[in-house]
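J.: The following block contains the structure, expressed as structure tokens.
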Amino acid sequence: MRLITHGCRGSIPVSSSEMMKYGGNTTCFELITDEFQIFFDTGSGFQNAILNPNKEILVLFSHFHHDHLQGLAFNKYLLKPETKTFISSALVDSEELNKIIRRYFSGVFFPLDIFDNLDNVTFSNFSEAQRTLSVGFNIEAIKLNHPGGSYGYSVTKDDKKCVFLCDNEFTTSQADELKNFSKNADIVIWDGMFTEEELKSKTGWGHSSLEQGVEFFSDINCGQIIISHHAPYRTDAELDIIGNSLPNGIHLAKDGQVLKL
Ligand SMILES: [Zn+2]
Ligand SMILES: [Zn+2]
């Protein structure tokens with residue numbers, strides 16, 4: 001199983017010569033094996049993902065803030081009839097999911113009612129999505145703390161486990177449940193948008209700090225933590241300084257990075 005980072009910027013895509021290294025695309029991660037592709041969110045980074053019609057393709061939405069949804073209609077492979085794709089979220093049922101996505105990519109916000117004619121795309125309840133993939137996969141969801149709601153996911157196959165926890169404002173009341181959910185993961189993707197200092201004035205914005213990610217890592221038995229949802233104003237130079245100060249096993253997400261589980 002491999003994890004590909006297609007986008008790890010928070011809130012809004014950025015384009016700047018000072019942000020080339022970590023990238024400007026918003027949240028999109030892909031888990032890929034010989035049989036399947038699972039996407040965590042479709043921020044602007046989703047436009048660069050190559051969907052293979054011979055694989056089972058599942059898109060899991062944490063929630064529907066712009067930075068996690070805006071790339072969905074910009075992936076040219078999704079628009080091909082042979083690319084059968086399931087879209088799901090633990091946050092809403094299939095009917096509501098269908099409504100949200102069709103509304104977002106229609107009329108007022110988008111030039112075409114693009115999801116009206118995509119017969120290859122199926123909106124599924126999360127329980128159906130859990131059963132959709134080949135036998136041997138285990139997909140679980142966990143409620144996160146974020147304005148409007150958000151869900152994290154874990155995907156396990158052949159003793160390899162990847163956990164995605166974006167977007168989330170970490171609280172001590174969720175600590176035990178979150179630690180249990182992330183236990184023995186090979187990779188945990190952590191929302192580390194803010195520094196601890198910045199977080200003081202960003203209570204209620206729905207994001208955690210890098211430092212909380214470091215503390216979380218020291219409390220659980222997991223392979224590595226990837227810190228993502230980088231603040232849109234954070235330059236490569238600033239991220240390099242932060243990255244160099246992180247303990248072993250904690251890394252900053254980067255566009256285009258491929259990690260083997
Ligand atoms: Zn976000
Ligand atoms: Zn959000």
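The values are calculated or read from the model by the stated rules, or taken from the named source; none is laboratory data. These numbers come from a predicted model, not from an experiment. Counting neighbours? That spans all protein chains shown, and the Cβs are built from the backbone with ideal geometry, glycine included. In case anyone asks, the SASA skips ligands and DNA or RNA and just uses the protein heavy atoms, side chains included. Shrake-Rupley method; radii C 1.70, N 1.55, O 1.52, S 1.80 Å.
J.: Among residues belonging to segment 39-58 that are within 10 Å of the chain's Cα centre (by Cα) and not hydroxyl-bearing (S, T, Y), point out the one that is nearest to G10 (Cα to Cα).
T.: Within segment 39-58, the match that is nearest to G10 (Cα to Cα) is G43.
J.: Another question, if that's okay. Quick one: would you say S16 is away from ligand 1 (no atom under 16 Å from the Cβ), of a type in the set (G, A, S), open to solvent by 10 Å² or more (accessible area, probe 1.4 Å) and touching a residue at least 24 places away in the same chain (Cβ under 8 Å)? Before you say what the answer is, go through the steps one by one.
T.: On the way: away from ligand 1 (no atom under 16 Å from the Cβ): yes; of a type in the set (G, A, S): yes; open to solvent by 10 Å² or more (accessible area, probe 1.4 Å): yes; touching a residue at least 24 places away in the same chain (Cβ under 8 Å): yes.
So S16 fits the description; yes.
J.: Identify, please: which residue in segment 34-64 is assigned to a loop (DSSP other than H, G, I, E, B) and surrounded by fewer than 18 Cβ atoms within 10 Å (Cβ to Cβ) and is, among those, nearest to ligand 1 (Cβ to nearest atom)? Break it down stepwise before answering.
T.: At the first step, the residues of segment 34-64 found to be assigned to a loop (DSSP other than H, G, I, E, B) are 34-35, 41-43, 49-55, 62-64.
With surrounded by fewer than 18 Cβ atoms within 10 Å (Cβ to Cβ) added as a condition, the list becomes 34-35, 50, 52-55.
On the way: D34: 31, E35: 29, I50: 24, N52: 27, P53: 29, N54: 31, K55: 27 Å.
Step by step, filter segment 34-64, then rank; the result is I50.
J.: Let me ask another. Does F109 satisfy the condition of being more than 26 Å from T33 (Cβ to Cβ) and free of Cβ contacts under 8 Å to residues at least 60 places away in the same chain?
T.: Details: more than 26 Å from T33 (Cβ to Cβ): yes; free of Cβ contacts under 8 Å to residues at least 60 places away in the same chain: yes.
Criteria met by F109.
J.: Cβ-Cβ under 9 Å, sequence separation 6+ or interchain: first residue in segment 73-87 and at positive phi and of a type in the set (K, R), partner surrounded by 19 or more Cβ atoms within 10 Å (Cβ to Cβ) and not in a strand (DSSP E or B). Which pairs?
T.: none
J.: Shifting gears a bit: Of all the strands (runs of 3 or more DSSP E) wholly in segment 89-160, which have at least 1 residues that are within 16 Å of ligand 1 (Cβ to nearest atom) and crowded, with 20+ Cβ neighbours inside 10 Å? Talk me through it step by step, then tell me what you get.
T.: Details: elements: 121-125, 137-143, 151-157.
Filter on segment 89-160 gives 151-157.
J.: Give the residue that is nearest to D93 (Cα to Cα), with candidates limited to residues of segment 161-197 that are surrounded by 22 or more Cβ atoms within 10 Å (Cβ to Cβ) and acidic (D, E).
T.: The first filter runs over segment 161-197 and keeps only residues surrounded by 22 or more Cβ atoms within 10 Å (Cβ to Cβ), leaving 161-170, 178, 182, 185, 187-194.
If we keep only those that are acidic (D, E) as well, we get 167, 169, 191.
Details: D167: 19, E169: 23, D191: 25 Å.
The extreme case among them is D167.
J.: Could you list, in sequence order, all residues of segment 219-233 that are at negative phi and in contact with a strand residue (DSSP E or B) (Cβ under 9 Å, 6 or more places away or on another chain)?
T.: Going through segment 219-233, the residues at negative phi turn out to be 219-228, 230-233.
Listed by number, the residues that qualify are I220, C222, G223, Q224, I225, I226, I227, S228, H230, A231, P232.
Residue-by-condition table, conditions (1) away from ligand 1 (no atom under 14 Å from the Cβ); (2) hydrophobic (A, V, I, L, M, F, W, C); (3) touching a Phe, Trp or Tyr at 6+ places or on another chain (Cβ under 9 Å):
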residue: C166; (1), (2), (3): no, yes, yes
residue: Q174; (1), (2), (3): yes, no, no
residue: F181; (1), (2), (3): yes, yes, no
residue: A185; (1), (2), (3): yes, yes, no
residue: N221; (1), (2), (3): yes, no, no
residue: G249; (1), (2), (3): yes, no, yes
residue: G256; (1), (2), (3): yes, no, no
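J.: Still on this structure: If a residue must be within 16 Å of ligand 2 (Cβ to nearest atom), open to solvent by 30 Å² or more (accessible area, probe 1.4 Å) and touching a residue at least 40 places away in the same chain (Cβ under 8 Å), how many such residues does segment 198-229 contain?
T.: Selection size over segment 198-229: 2.
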